[in-house]
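Undergrad: This is the structure I want to talk about, given as structure tokens.
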Amino acid sequence: MPINIRRATVADLITMQHTNLTNLPENYTFKFYLYHLLTWPHISFVATTIDPVDSSDNLLFVNGEPASENILKEKINKIAKENPLFKPENNDQLLELINANAKMDSQYINKNEKIVGYVLAKLNDDEEPNPDSDINPAQTGHVTSLSVMRTYRKLGIAEKLMLQSLKALRDTHNAKDVILHVRESNGAAFHLYKNKLDFEILTVEKGYYMDKEDAYKMKKDLSAYDSEDEDFEDNLLI
Amino acid sequence: DTNLKKNGVHFNSLLLKALVNQKNDNVLEAKANFQKALSKVPGSTKNNLNLNIITAMSCQLISSYYKECEDYENNYVWLKRAYMKSGGHQNMGNSMMLNQLCLLAAQLRKYPELLEFREHYLAAKPGFRANWTGFALALDLNNNTKSAVEKLSQFEEAAEGKITEKEAFENGECIFYKNDLMLKLAKNDETKLHEVLKNLEEKKKLLNDKLGYLERKAEIYVRLGDMTNATKVYRKLIHRNPDNFKYFKMLEITLGIKDDNALKYKMYSNLLKKYPLSEPCRFMPLTFIEEDSELKAYLKFYLDLYWAKGVFVSFQLLKPLFRNLKLSMKFQKLAEEICLQRLKSLQENVKNDTQSKSKLESIIRYFLSNLYLFQRNYDAALNEIQQCQYLDAESKVLEFELFQARILKHMNEFKKACELMEIARQKDNKDRFLNNKSCKYHLRANDINKAVELISMFTKNDTSYCDTGITDLHSVQNTWFLSEQAEAYSRLFEIELNKLKTSEDETERIKIAKCALQYKNLAVKRFEAVFRIYGIYKNDQHDFNSYALRRGTVQPLMHLIKWVDKIHTLPVYRRILKGMTTLVKKVPEFHQIVDTFKSPEKVFLINHSPKEIKQVAVSAPEVDDDPFGHKYDTLKNLKKIADVLIRPYFEKYDMEVSKRNRDYVLSLVINKWLENGDETQNKLLNNYEEILNKVH
């Protein structure tokens, strides 16, 4: 299914937690995610699958072709036999019944909507200012966690998520800059931050991670994301 | 303790000790202290506590103990007793208690009481904005939206011009919340909608949520039927985020071209020029182009965008088109044609350098393999993926092994699938995704030991009582692993049970039965663990009932409340409820067989070595002295088992699930087991028929 990018809501949090557990070694309890969203509700985003044609499930297919009337009847009869109450009148009804719920999988938020990536961001305003630093925590964003399911890589999802989050940090909290940590060995993420999003390396933090791996602490100025309030008057229909 | 030395049954000291023990995680001792205390209340019978003589102070201690246990029901009941006994809201010293009662009433959804407490709390402490917000929220929850708006306005007006920089965020959130409520009240009344819009524009500068502001504005314009202005706002939203399908669908509507495919095509191709990476712009034309050759050309264009970049997931992106009854045949045919033509032209064209040629060829074959798997044509799917592997001479691409394993999984060849997953995982053993995949496949193949070994490579393994990652998986709430593990244990139980049916030799049978018993108990334990995690999710809400009011984030709090109200109908919860039911169904049979043994008691005589315990233990022995779940050994008949292992979890689902989303078969079965009576069943049957008869 194609990928939709939207703001994260409370209902996404356990699927975000699940994505994090599947992809990254740094894990958090649900409450930590909840704390993020109830403190900074506007700056975390998710990438999810979406079904723009509202398709039905593949249950009525045999070898890739729609099942014949007979096979359909057979299927319905079988279900009816297993449960005498189940008497759908037509295919649509059958499908609607079978598919009212989301798949029973921890990645699913709704029917046909599963999470494939997320960015969880915060503001450092819960930190005490450090008198030796010119960084004001109240005006510094922090990317707590970002991950995209391996299967959905190369689509530019991480970059799209980051852009939304950085923009929101700027226009919601008027954040001056944003900081994040990345594993020294995580080439793909480092490339994204350094080359595509123009982050600069602040320092190397020795033994930052639990397994003692070093982290790059990276920073980016957010003034580039000041939103321009322009109107689009061009005609899209010619 | 000093007090207790003087008087071994000193009531408050015992309670205090229970409280301290609970805080220090000495759960079992805490419970003992607590029960001892309650058993000493004069004038009480076994089932009836003499409440009259328990002081306010003691009530408060009892409530604190329950709070520490996260038993919010009892926490609330006892705190309310303490509050009433100490003079209720007339006693100004009670405001701390009142605040906690507000939190608990919100947590427990006792909205009328919440309203009363909030009103008293506001009266006691009117200087804090959070208390005004809290009262407004309570009014809102009691469906008195109009008064809620009035309360919020009252504070806003009083605070006008006095908001400090520190309060600005809270201010912006509260103003937006009021706008929410105004919109709720306005419904489709034009005058009122204009007022909401006016309020939104007046306060624009104060709002934090710039995205929310635009979405709200667009919504109001649509409701007012002002499509010109709505279009303008959707254009802004798309400019901001060209990957949100909703904005594009709305733009189709506001431009009035929803049913005009030619104009829609123009719209999307014009927007694609502006936003070349936008997935909705790329994808949407596939959903409405009707003419076959045009559609084929566009599909080719679409696929090339992704094939050129080596995107493996391109088939998955198109899945809705393959699954749609009306579109499926067409797309399967076109996609296969495109693939085969591309392969042919690749072979004919000798000028390409071999490396990029094989790269492109393998991505097309990978797509074909996906298509054949979708058609359940396993041999063809395997053939294509093997060719991909052949093309990948250095075998660097893990995706091919992953996909081959997936085909084998569909063919029920779990063992071979596991082997492939292991090959993929070992190529990059720092990648947790690969580790998890392999782990999951091993669980599906019922190889729990290997799965635990694998997942423990990425967990904290730092407790004295457990050698594996099991403890950590519980504390980081890894529900996918725990439910898959429970299901694997459950399958193993069934396998042993079937062996039991065919085996004759008594010694052998005792051995098998012991094994089956262990699998069953561990399955229950893991299922219970996931149920418990859902309890924690729910309880996690508690502190936010006041935190969010101080922060001003009422909208997400409201989302949280609504979400929690349906938390026991979420996919994973349904899955474990079903899993537990499948397991429970088989348990009576097990006991029936065991009861025919000459000495059935031998089955239940089990000593676990410390080493064995360290493989499965979740918590320290002070917290859980039964890591193998032997307390379930005695549950033998269906009703009893269902009462203990299903009723508490089913009841939550039963209360929250909607008529439409209910799993009726499951519900009917469980009701029967629980002997819930004809009335319940008949009501369910009626609902079921009503749903079935609703013509699509």
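Every number here is computed from the coordinates shown, using simple stated rules; none is lab data. Here the structure is a predicted model, which means the values were calculated and not measured. Note that each Cβ is placed from the backbone with ideal geometry, even for glycine, and that neighbours are counted across all protein chains shown.
Undergrad: What is the projected area of the convex hull of the Cα atoms of segment B:414-568, averaged over all directions, in nm²?
TA: 13.1 nm²
Undergrad: With θ set to phi - 60°, apply the Karplus curve 6.51 cos²θ - 1.76 cosθ + 1.60 along segment B:125-138 and write out the HN-Hα couplings as whole Hz, x wherever there is a Gly or Pro.
TA: 9, x, x, 9, 4, 3, 6, 5, 4, x, 5, 5, 4, 4
Undergrad: Please state the charge dipole magnitude for segment B:88-156, taken about the Cα centre, from unit charges on C-beta atoms (+1 on K and R, -1 on D and E), reported in debye and rounded to the nearest 20.
TA: Roughly 100 debye for segment B:88-156.
Undergrad: Using Cα centres only, tell me the gap between segment B:453-511 and segment B:98-128 in whole Å.
TA: Using only Cα atoms to place each centre, the spacing works out to 46 Å.
Undergrad: Over the alpha-carbon set of the protein assembly as shown, divide Rg by the Kirkwood Rh and report the Rg/Rh ratio to two decimals.
TA: Numbers: Rg = 30.3 Å, Rh = 31.3 Å.
Computed over Cα atoms, the ratio is 0.97.
Undergrad: Another question about this same structure. So what are the ³J(HN,Hα) numbers for segment B:540-553, from phi and the Karplus equation (6.51, -1.76, 1.60; θ = phi - 60°), rounded to whole Hz, Gly and Pro as x?
TA: Karplus-based 3J(HN,Hα) across segment B:540-553 equals 4, 5, 2, 4, 6, 4, 10, 4, 5, 5, 5, 6, x, 7 Hz.
Undergrad: Between rounded, prolate and oblate, where does segment B:460-657 land on the alpha carbon gyration tensor, with a ≥ b ≥ c its root eigenvalues, rounded for a/c under 1.5, else prolate if a/b exceeds b/c?
TA: Prolate.
Undergrad: Another question about this same structure. On a C-alpha basis, how far is the centre of segment B:538-607 from the centre of segment A:170-191 in Å? Whole number, if you could?
TA: That distance is 38 Å.
Undergrad: Okay, moving on. Starting from the Cα of residue B:333, draw a straight line to each of the aspartates and glutamates and keep only those under 20 Å, dropping any in the same chain fewer than 8 residues away.
TA: Partners within reach: A:57, A:65, B:290, B:291, B:292, B:294, B:304, B:361, B:379, B:384.
Undergrad: Mind jotting down the distance between the C-alpha centroids of segment A:203-233 and segment B:341-384, whole Å?
TA: 39 Å
Undergrad: A further question follows. Using the Kirkwood formula on the Cα atoms of chain B, what hydrodynamic radius do you get, in angstrom to one decimal?
TA: 31.0 Å
Undergrad: Pairs B:236/B:330; B:415/B:499; A:220/B:184; B:499/B:659; A:103/B:236: which exceed 31 Å Cα-Cα?
TA: Cα-Cα > 31 Å for B:236/B:330; A:220/B:184; B:499/B:659; A:103/B:236; rest within.
Undergrad: So how much slack lies between residue B:640 and residue B:41, counting 0.36 nm per residue of separation and subtracting their Cα-Cα distance, in nm?
TA: 212.4 nm
Undergrad: With +1 assigned to the C-beta of every Lys and Arg and -1 to the C-beta of every Asp and Glu, and no other charges, what is the dipole magnitude of the protein assembly as shown about the Cα centre in debye, to the nearest 20?
TA: Dipole size: approximately 1320 debye.
Undergrad: Are there trypsin sites (Lys or Arg not before Pro) in segment B:320-417 that DSSP marks as loop and that have at most 12 other Cβ atoms within 10 Å, and which are they?
TA: Working: sites: B:323, B:326, B:330, B:333, B:342, B:344, B:351, B:357, B:359, B:365, B:376, B:396, B:406, B:409, B:415, B:416; in loops: B:326, B:351, B:376, B:396.
Those that pass, being in a loop and sparsely packed, are B:326, B:351, B:396.
Undergrad: As an exercise, identify the trypsin sites (Lys or Arg not before Pro) in segment B:52-143 lying in DSSP coil whose Cβ has no more than 12 other Cβ atoms within 10 Å. Write out the running numbers ahead of the final one.
TA: Values: sites: B:67, B:80, B:81, B:85, B:109, B:110, B:118, B:129; in loops: B:109, B:110.
In loop regions of segment B:52-143 (DSSP not H, G, I, E or B), the sparsely surrounded trypsin sites (Lys or Arg not before Pro) are B:109.
Undergrad: Compute the Rg to Rh ratio over segment B:289-412 from the alpha carbon atoms, using the Kirkwood formula for Rh, and round to two decimal places.
TA: 0.96
Undergrad: Another one. If we sort A:8-20, B:285-297, B:232-244, B:215-227 on the protection proxy, mean other Cβ atoms within 10 Å, highest first, what's the order?
TA: Highest-to-lowest ranking by the protection proxy: A:8-20, B:232-244, B:215-227, B:285-297.
Undergrad: Another one. Calculate the dipole size of chain B relative to its Cα centre from +1 charges on Lys and Arg beta carbons and -1 charges on Asp and Glu beta carbons; express the result in debye to the nearest 20.
TA: Once rounded to the nearest 20, the dipole reads 600 debye.
Undergrad: If we sort B:643-655, A:202-214 on the protection proxy, mean other Cβ atoms within 10 Å, highest first, what's the order?
TA: B:643-655, A:202-214
Undergrad: Put +1 on the Cβ of each Lys and Arg and -1 on the Cβ of each Asp and Glu in the protein assembly as shown; which of A:172, B:620, A:148 then has its Cα farthest toward the positive end of the dipole?
TA: Most positive-ward Cα: B:620.
Undergrad: When the chain is fully extended, how far beyond the present Cα-Cα distance does residue B:681 get from residue B:188, taking 0.36 nm per residue of separation?
TA: 173.4 nm
Undergrad: How would you order B:549-561, B:194-206 from highest to lowest mean count of nearby Cβ atoms within 10 Å?
TA: On the way: B:549-561: 21.8, B:194-206: 14.8.
My ranking of the peptides, most packed first, is B:549-561, B:194-206.
Undergrad: Which of B:141, B:607, B:318 sits farthest toward the positive end of the charge dipole of the protein assembly as shown, with +1 on the Cβ of Lys and Arg and -1 on the Cβ of Asp and Glu?
TA: In the protein assembly as shown, that residue is B:607.
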